[in-house]
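The values are calculated or read from the model by the stated rules, or taken from the named source; none is laboratory data. Quantities reported herein were computed from a predicted structural model and do not represent experimental measurements. Counting neighbours? That spans all protein chains shown, and the Cβs are built from the backbone with ideal geometry, glycine included.
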Amino acid sequence: MNIQWFPGHMAKTRRLISENLKLVDVVIELLDARIPLSSQNPEIDSLLGSKPRVVALNKSDLSDPKMNKLWAEYFASKGTEVIYTNAITGAGLNELKNMLKKLTQKKLASAQMRGRLQRPIKTMIVGIPNVGKSAFINKISGKASAQTGDKPGVTKNKQWVRINPEIQLLDTPGILWPKFEDQEIGLNLAFTGAIKDEIMDTAELASKLFEKLAILYPENIKERYKLTDIEGKTGFEILNEAGKKRGCLVSGGEVDLYRIAGIVLDEFRGGKLGKITLEYPPKEKTDEEADV
């Protein structure tokens, strides 16, 4: 599958982020805890420059707890402290608020010493589509400030949200980048719903997901779809068997692959296949490997 998706409004969002950076003190970069690297927009670094940043790994209720620990260690080794958040329960949000205060304390104190009135911390939230920004904002603000949905592209424009008397937040639409050089990244984004299903063959996408899960979490799919043996089978073969087990049949007893594909993608994205992380932290190359 050659997956590419960069609709026109994303180019507008890129300009919006760049133009509004001067208005904010610190940026919240929201990543998907199931795909920490794939959900990192490579353009964000150049867009933000030296602007202080908090990295939050959202949807941590859907990711593998053992992998969460490994990813936290990986980011720490890169000098980046991450906070695991859950926009449903609110886990990690108080920690994030404290981090925002810590990162802006000197700047705001300096402004007060120069005679400026005390003002709220101004922050901006950025991230890929469907990473849970709107649900995150609604939870952290304690009210329905942003429209939510389980499809990418719900947020279309920027909006300021008052979190509390101390913090104001600028919401921005989800943004991808013009070309995925690594198709593994494109697949991970598609699996988690960051790319519109309408532009893809969902049966092929679900089969690719099964191929990956058959390696990473075979017992999860065997249990969920009542499958006995998936070893050595292709993703399409596993999808076909799952379709039979779920009764997704058309006339003649053939499996409706698109119907079962929709079920599989929805159940994965909703956490019904268990707590799953699709990426392992990259291993550091040894000196010998780096010289090759």
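Before moving on, here are some points about what is shown:
- Yes/no for Ser39 being out of contact with any Gly (no Cβ under 9 Å at 6 or more places or on another chain) and not hydrophobic (A, V, I, L, M, F, W, C): no
- Taken together, the criteria place Val126 among residues that are touching a residue at least 60 places away in the same chain (Cβ under 8 Å) and either farther than 22 Å from Arg269 by Cβ or of a type in the set (A, V, I, L, M) (or both).
- For the range 247-267, residues that are in a loop (DSSP other than H, G, I, E, B) and β-branched (Val, Ile, Thr) total 1.
- For the range 42-74, filtering for residues that are among the aromatic types (Phe, Trp, Tyr) and either surrounded by fewer than 17 Cβ atoms within 10 Å (Cβ to Cβ) or assigned to a loop (DSSP other than H, G, I, E, B) (or both) leaves 0.
- Output for the range 75-94, where each listed residue is of a type outside the set (A, V, I, L, M, F, W, C) and loosely packed, with under 15 Cβ neighbours inside 10 Å: Ser77, Lys78, Gly79, Thr80, Glu81, Thr89, Gly90, Asn94
- Qualifying residue in the range 89-102 (condition: outside any helix (DSSP H, G or I), of a type in the set (Lys, Arg) and within 21 Å of Val161 (Cβ to Cβ)): no
- Filtered residue count, the range 157-205, keeping only those that are among the polar types (S, T, N, Q), under 30 Å from Glu237 (Cβ atoms) and not in a loop (DSSP other than H, G, I, E, B): 3
- Enumeration of residues in the range 206-229 that are in a loop (DSSP other than H, G, I, E, B) and either modelled with pLDDT under 95 or over 23 Å from Gly247 (Cβ atoms) (or both): Tyr217, Thr228, Asp229
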